[in-house]
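Below is one structure; the comments refer to it alone.
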Amino acid sequence: MSIRSYVLDHKLEILVKDIVYTLRDYFPYVDIDRVKVVICRNCKSKALARIYSLPTVWRYILKLEPMYIIEVIEKNFNSLTHEEKVKVITHELLHIPKKFSGGLRPHGKYVNKHIVEKLFNEYIKRKSIEKLGR
């Protein structure tokens, strides 16, 4: 039986930074230095990715600022196209509240398929314009 393990993924952190910077007017509150990405290997979850925050009591005791961890489920996420990966990461970023307080937004008004599609289309549009400018 394989044991679940976690690995920091700097390549995916670059993708997160690219999404946040490309959509800066949508994510002005995201402190990219306090968002980390880990890959979960040998995880049995059916999810593609999840986002976590450190509970307030832990942050208080450890004297830490709010931070977020995006966990990507390796076996599910790796089979996605680049476009689908951008959508999944965008979805997870939408869970971060505007105050970057350490809380998480639920699915609903601020986190849903329509907003993800809107932001993805804007991301593609901006990346296309960026390529033309080179």
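The values are calculated or read from the model by the stated rules, or taken from the named source; none is laboratory data. Note that the structure is predicted; figures quoted are calculated from it, not measured. Cβ sites come from the backbone with ideal geometry, for glycine too, and all protein chains shown count toward neighbours.
Structure above, values below:
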quantity: All helices (runs of 4 or more DSSP H) inside region 65-134 with 1 or more residues being in contact with a strand residue (DSSP E or B) (Cβ under 7 Å, 6 or more places away or on another chain); calculated: 74-77, 82-94
quantity: Single unsatisfied condition, TYR6 versus (1) crowded, with 19+ Cβ neighbours inside 10 Å; (2) touching a residue at least 60 places away in the same chain (Cβ under 8 Å); calculated: (1)
quantity: Test: residue in region 43-50 that is in contact (Cβ under 8 Å) with a residue 12 or more places away in the chain, in contact with a helix residue (DSSP H, G or I) (Cβ under 6 Å, 6 or more places away or on another chain) and under 22 Å from VAL111 (Cα atoms); calculated: yes
quantity: For TYR21: the one exception among (1) more than 24 Å from GLU130 (Cα to Cα); (2) free of Cβ contacts under 8 Å to residues at least 24 places away in the same chain; (3) part of a helix (DSSP H, G or I); calculated: (1)
quantity: Residue that is surrounded by the most Cβ atoms within 10 Å (Cβ to Cβ) [pool: residues in region 75-123 that are among the β-branched types (Val, Ile, Thr) and free of Cβ contacts under 8 Å to residues at least 24 places away in the same chain]; calculated: VAL111
quantity: Residue match in region 43-64 (condition: touching a Cys at 6+ places or on another chain (Cβ under 8 Å), of a type in the set (D, E, K, R) and at negative phi); calculated: no
quantity: Any hit, region 47-58, residues being farther than 17 Å from GLU74 by Cβ, touching a strand residue (DSSP E or B) at 6+ places or on another chain (Cβ under 7 Å) and either modelled with pLDDT of 95 or more or surrounded by 12 or more Cβ atoms within 10 Å (Cβ to Cβ) (or both); calculated: yes
quantity: Filter pass, LYS36 being surrounded by 13 or more Cβ atoms within 10 Å (Cβ to Cβ), of a type in the set (Lys, Arg), touching a residue at least 40 places away in the same chain (Cβ under 8 Å) and outside any loop (DSSP other than H, G, I, E, B); calculated: no
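Conditions (1) within 19 Å of VAL37 (Cβ to Cβ); (2) under 14 Å from the mean Cα position of the chain (by Cα), marked per residue:
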| site | (1), (2) |
| --- | --- |
| GLU74 | yes, no |
| LEU93 | yes, yes |
| TYR123 | yes, no |
| GLU130 | no, no |
